[in-house]
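Below: one structure, written as structure tokens.
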């Protein structure tokens, strides 16, 4: 099977432009998953684009399906997120150096917030080469003050209040942004030893105005993700 790079997004809006011109594939096997999959060529590379739906379980199912059926050399999770760090603004780009599930909580048994019993580490680290190349690609699209690297936190919650945001910062003070799929994709990728990267464009500030900001800016901030992915694929040719 030829090498490919998989890009997973949760919502139709996050994959629509990237999947244009690609072939939609019929589902393999009898998985019964609602999993639109598109495959084609992008700047000389084979790309598989998948819409997983919102949430960590959907993201994990889609990631394992893609790994089992397409054996990607890299997995990229591309989408939007709410800004958690005060240094992150709407329209900024966050590249995850690592990710963690902020809503995983078994502190009663002596674990820290986000720690998953049985795992050597519950912090999932991005592939350094992929991160470096994506930083290089992003620098062609955004000024340096609009590009951030750091911790991305994931949970089955849309963070839309200052109280929720502060709770995350209390436990994860280095968090740059919050979303609902990345750490699950990272965990499955890591378990299968497939390099990964989470990249997120900021659609809101994860505060009391987040629902309105999300609706207003969603379609405005996604194009930069797609442009960065295009530039990344060009760099991967070298």
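Suppose a student asked you for the relative contact order of the range 127-185, using Cα pairs under 8 Å spaced at least 6 residues apart; what percent would you report? All intermediate terms of the calculation are to be shown ahead of the outcome.
Numbers: 46 pairs, mean separation 23.0, N = 59.
Rounded, it is 39 percent for the range 127-185.
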Please report the antiparallel percentage of the DSSP beta bridges confined to the chain, to the nearest 5.
35 percent
Cα centroid separation - the range 180-231 against the range 88-156, whole Å
11 Å
Could you quote the convex hull projected area for the range 1-91, Cα atoms only and averaged over all directions, in nm²?
6.9 nm²
Give me the log10 of I(q) over I(0) for the chain at q = 0.14 Å⁻¹, as the Debye formula computes it from C-alpha points; what are the numbers?
-0.84
Quote the relative contact order of the range 5-235 in percent (integer), defining contacts as alpha-carbon pairs under 8 Å separated by 6+ residues.
27 percent
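Values quoted throughout were computed directly from the atomic coordinates according to the rules given, and no laboratory measurement underlies them. Predicted model, so just to flag it, every value in this text is computed and none were measured.
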